[in-house]
1. Output the number of the condition that I133 fails; it satisfies all remaining conditions of (1) touching a helix residue (DSSP H, G or I) at 6+ places or on another chain (Cβ under 8 Å); (2) surrounded by 20 or more Cβ atoms within 10 Å (Cβ to Cβ); (3) not small (G, A, S).
2. Give the residues of segment 106-130 that are among the β-branched types (V, I, T) and surrounded by fewer than 16 Cβ atoms within 10 Å (Cβ to Cβ), sorted by residue number.
3. What number of residues in segment 56-115 are among the β-branched types (V, I, T) and in contact (Cβ under 8 Å) with a residue 60 or more places away in the chain?
4. So, in segment 93-107, how many residues would count as being modelled with pLDDT of 90 or more and not in a strand (DSSP E or B)?
5. Show the residue pairs that are 6+ apart or on different chains and have beta-carbon atoms under 6 Å apart, the first residue being within segment 6-30 and closer than 21 Å to K71 by Cβ and acidic (D, E), the second being at pLDDT 50 or above and not in a helix (DSSP H, G or I).
6. With at pLDDT below 85 and either in contact with a Pro (Cβ under 9 Å, 6 or more places away or on another chain) or within 23 Å of V106 (Cα to Cα) (or both) as the only criterion, which of Q46, Q18 stands out?
7. Restricting the search to segment 32-85, which residues are of a type in the set (F, W, Y) and either farther than 20 Å from T118 by Cβ or in a loop (DSSP other than H, G, I, E, B) (or both)?
8. Being more than 22 Å from A138 (Cα to Cα) and within 17 Å of the chain's Cα centre (by Cα) narrows it down to one of N73, N85, so name that one.
Amino acid sequence: MKSLIILMLVLPITVLAQTKTTNDLDKKYEGLSLYFYKNTLRMLNQKDNKEFDELIKDIEKMKLLVIDRAKSNFTDNQYKKLKENYQSEAYEEMMTSRFNGKNFNVYIKETNGRVKGTVILASDSSSLYVLDILGRVALNKATALFSNLNSSADIGQHIKDFMMDNGKPTEKKQGVKID
C-alpha cells in the first residue's frame, strides 16, 4: 500500500520532467522557450496533414528552446559539452545529419526497450534549437518535425520575433506556454 502511494506521488513528477540538461541550458542562456502538449501540437496542424499527425502521434510534451549563439556567446565547445551532458543522462546519439544549413543531432532515451524521450539539437552559426520531447519521433522524420514547427505560422512568427526586433535580438522570453 505504501509503495502504491509513493508511486502515485512520484510518477507525475517523472512524467512531466524535461531533461536536466535542457532545463539548465534554459536557465543559463538567454533564449526563447516554448512548451507544447499533445493537443497544442494537433492544433498546429490546421491543414489536417496526415503526415504531421503521424509525426506527432507519440509526443506527449515538448519544449522548444531557441538560443542566439552570438548574443549568448555559445561556442562550439559549449555545444560539444551540451551533447556530452545529454549522454550523461543516458541519452544515446542515434543520428547526425545536415538539413537546410543546420547540423542535427538526435538523441533518444530508452526504458525497457521503448523510447521514452527524444532530444533534437539543430545548430547553425547563428542559432541553437533544442527540441526536448517526452515521447518519440521516427528518426527519419526528425528534421521534418523541426521544419513543420518552423513553418507553422504561429511558431515561426514567435521564432522570428525572438531573433529580430527592429534589427536587434530581443531579450529572453522564458516560459512562454502555448496550450
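1. Just one mismatch for I133, condition (1).
2. Scanning segment 106-130 gives a single hit, T111.
3. 4
4. Of the residues in that region, 0 qualify.
5. Hits for this filter: D26/S33; D26/L65.
6. The match here is Q18.
7. Scanning segment 32-85 gives a single hit, F74.
8. N85 is the lone residue from the list that is more than 22 Å from A138 (Cα to Cα) and within 17 Å of the chain's Cα centre (by Cα).
The values are calculated or read from the model by the stated rules, or taken from the named source; none is laboratory data. None of these values were measured; they are calculated from a predicted model. In this analysis, Cβ positions are derived from the backbone assuming ideal geometry, glycine residues included, and neighbour counts consider all displayed protein chains.
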